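Notes to accompany the following structure.
The values are calculated or read from the model by the stated rules, or taken from the named source; none is laboratory data. Source: prediction; values computed, not measured. Here Cβ is always computed from backbone atoms with ideal geometry, including for glycine, and neighbour counts include all displayed protein chains. These accessible areas exclude ligands, DNA and RNA; they are computed on the full protein's heavy atoms, side chains included. Shrake-Rupley method; radii C 1.70, N 1.55, O 1.52, S 1.80 Å.
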Amino acid sequence: MNPAVVWLFAFVMVMPALAVTTSHWVQENEGDFKGGTMHNVVVTNLGDVKLSRAVKSIHEQDPNVTTVNALAQGPDGTIYAGTGPKGILLAVKNDTVSTVATIDDTVNILSILVDSKGSILLGTGGDKGRVLRIGKIGDKPKEIFSNGDVQYVWALLQTPDGNIYAATGPNGEVFEIKPDGSSSRLYKSSEDNITSMISDGKDMLYLGTDPNGLVIQLNRKTKEPFIIYNAPESEITALAIDHAGNLYAATGEVSDRQQPPPAEQEPKKEGRPETQNAPPPIPANPMPEPPKPPNPNPGEPQPTPQKPIGRILPHGLPEMMDVIAAGNADDPGAGGDNPGGGGGDNPGAGGGVGDNPGGDQPTPPANPLVPATPLSHGNGNANSQPGAAEAQEPAGNAIYKIDPEGFVTEIFRQNVVIYSMIDQGDSLLVGTGEDGNIYQVNPAAEETVVLAKVDAKQVICLLPVKDGRIFMGLANTGGVSAMSAGYASQGTYLSPVLDATQTSRFGNLQLHGQLPARTALKVSTRSGNVRDADSPGWSKWSPEVGASEYIKIASPPARFLQYRLTFQTSDPSKSALVDHVDVAYQIPNLAPVVKSVKIGNEAGQGENGQQESGGAAAPQAAAGHIGDAGAKTPGGTGTQTITWDASDPNNDVLMYTLYFRMDQGPWILLKDKVKEMSFEWDTRAVADGQYQVKVVASDALSNPPGDGKTASRVSDYFIVDNTPPTIGDLECKVTGEVASISLRAQDRTSIVAGVEYTVDSGDEWQMVLPVGGIFDGPDEIVKFTLRGLTVGAHQVTIRATDSRGNQALQTVLFRIESATARGQ
């Protein structure tokens, strides 16, 4: 298996906590494990944690070298490194570094080629781009090519006929240098830079460009170009060709678009590739003997013999006791791991193709300042191909596979800048920044894996050498490192700090994975109650124990926990592997929380007994249109709605008990075993007055008897008012056709909100105002006059409403005499 990694930060999944039941932290995919700290350990795109390749530093911390731009190997095995910014050519022999030549204090060696005669060719960048030749160690560099329009020689290669080709900038040209030393311009593009170049070994050259991300096929005999792909990214930094003739183009754009895609856009890979002779899984703990059935009662038939129930392994596979016990590697349910071979010999590797280490900077000026980070080829503009429709451009950078028919497939995309890429038979090795990851991409299996990670953060160039190692040229530190073909002998994975939110007890740590022969995996934990795991308040690391399926966590109860996996191997071709970690913990029962209690009624009363604006009991509504809307019957609403907000930190099921009291009296049970967070209280059974309600929440049903906890909250005071106002001192005086009526409306508990009348049982109620012009108290005097009444008897019905919607009715009878009488 050759898995991969997508460097997206992800949080550890936390299962919901439920009272005293067990909760779990689970890590089982790449995103889960990525939050941890790794040393000589990598996480694959299949969610596997295992050892990385071993990396040895050959050269670093040279004050005259900030970047190693190109690498190549000579016939005798000497490795040459072209550096910047002072034009120093280094040689590595038997892992010992020496200086071969210094070109100039303001020159970058951007590309290197060891030609068919063993001479060292250097492509430079700076005020003037040149190609220099060093015949043998000790010779002074000799210029074999220069051109007034060239500032950068980004790549060099030699074809079987002895011709040398130079890819240049800032005018996007390719030059041909004949064996006799003559040179000519082979191709002039519309691009600023030809950033990468490779040959098919025959007549075709393939070119990568900046700033429009073109891949161009160029016939070096006919000089005919053909654009075979236009990438969404601005720069093609590296090219490779495999044995089947597939062309691979890597991009290295640096822009604001370099953001990780949302986690949900990453398809979750289910399962893993089928492998032969898969390593055995991490050993399972011995199964306890099942309990024996009770003896049957005398005289009853013997029960059917009971068989042990097999344990269920991950993915729902029943346990095969004989296979697990024997560690059978041929178990078809077991996953496999192909640790991957090292880079093989690549004869004729003129490796330093001068991969562009930048991609988003302006075209370098005539006298560039020496950067501390890799040089850039172009301005990093988005793809500006004429006529191209604007679309949402993908994040990060990619590798595109272009088959011989021209069909393009994206086989790799990460939030990285790709600086270098080499073909390794069935896979590609990819050097990136800003995290310094070296990826292995297997296009056929659609798998990607991080082989190693370097502290320098930027892997500018890669070179497979004759002893099977991969040499790396690095930026920032200006270093040279070598990655072995096998795994590191030891590495550690330190989990993120796991937060239980409360002090908790820890149970077992469950592991799934593989543990091949001659490998080891050890586990340790620590705990604490402050988030910083390095603070002195944390416990010490527990003693390391060998991996098994279930490991008891020895750390003391606390809020936070960390675990550490230590991988070891005595066989560089093998590594233990972990693909699933489940940490069990238990939060003690915590008391529920009642956040608020609110009281309202169906007549528009607001929270905590306050009337809301526009309620039916407001004066405007009570006087004039109450009858139209359907007036309340005398006696008031009689119902109070009690609502509350409560929660439980353990997510326990809560049950509620309600109490009430009048003024400062004793609490009286109103209702128990309430499941919802609301209750309709019919207050017609209690006297008028000021009341409070208490809500008590209990989690007893979700906990063992006696372990439940309660919490309560008391409402603000609110008014119960079931008694309507009284209408008294009612007088009526008739003068002619005019009737003058006066009355006094009083309420014992609340204010008088409105008075209205209707004549002769009419269906229209007329509002009237008190003597003071506003209803604002419990005692109001009201006077009004009726005019234009007809001769005969009349009845006026008077309705008084209080602020709680209670209503009282009174009638007054009078008679209008004849017109003569009225005139007297």
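Judged by the ratio a/c of the largest to the smallest principal axis of the C-alpha gyration tensor, segment 410-484 counts as oblate, that ratio being 1.5 or greater while a/b is no larger than b/c. Only protein heavy atoms count here; under a 1.4 Å probe, Lys466 has an accessible surface of about 100 Å². Of the chymotrypsin sites (Phe, Trp or Tyr not before Pro) found in segment 541-582, those that fall in a DSSP loop while having at most 15 other beta-carbon atoms within 10 Å are Trp541. The GluC sites (Glu not before Pro) of segment 727-818 meeting both criteria, a DSSP state outside H, G, I, E and B (loop) and at most 14 other C-beta atoms within 10 angstrom of the site's C-beta, are Glu764, Glu817.
Applying a threshold of 18 Å to the alpha-carbon distances of Lys56/Lys466; Lys598/Lys671; Lys56/Lys86; Lys188/Lys221 flags Lys56/Lys86 as lying beyond it.
In a DSSP loop and with at most 11 other Cβ atoms within 10 Å, there are no trypsin sites (Lys or Arg not before Pro) in segment 708-753. Rounded to the nearest 20 debye, the dipole size of segment 107-241 about its Cα centre is 560 debye, using +1 on the Cβ of Lys and Arg and -1 on the Cβ of Asp and Glu.
If one computes P(r) from the Cα atoms of segment 487-580, what percent of pairs lie at distances over 17 Å? Above the 17 Å cut-off, segment 487-580 has 51 percent of its Cα pairs. Net charge dipole, segment 426-543: roughly 520 debye, given to the nearest 20, about the Cα centre with Cβ charges of +1 for Lys and Arg and -1 for Asp and Glu.
In segment 18-118, taking the dipole from charged Cβ atoms about the Cα centre, the farthest positive-side position among Ile103, Pro85, Ser52 is held by Ser52. Surface calculation, 1.4 Å probe, protein heavy atoms: Thr448 sits at approximately 10 Å² accessible.
Both radii come from the Cα set of segment 159-223: Rg as radius of gyration, Rh as Kirkwood radius; their ratio Rg/Rh reads 0.95.
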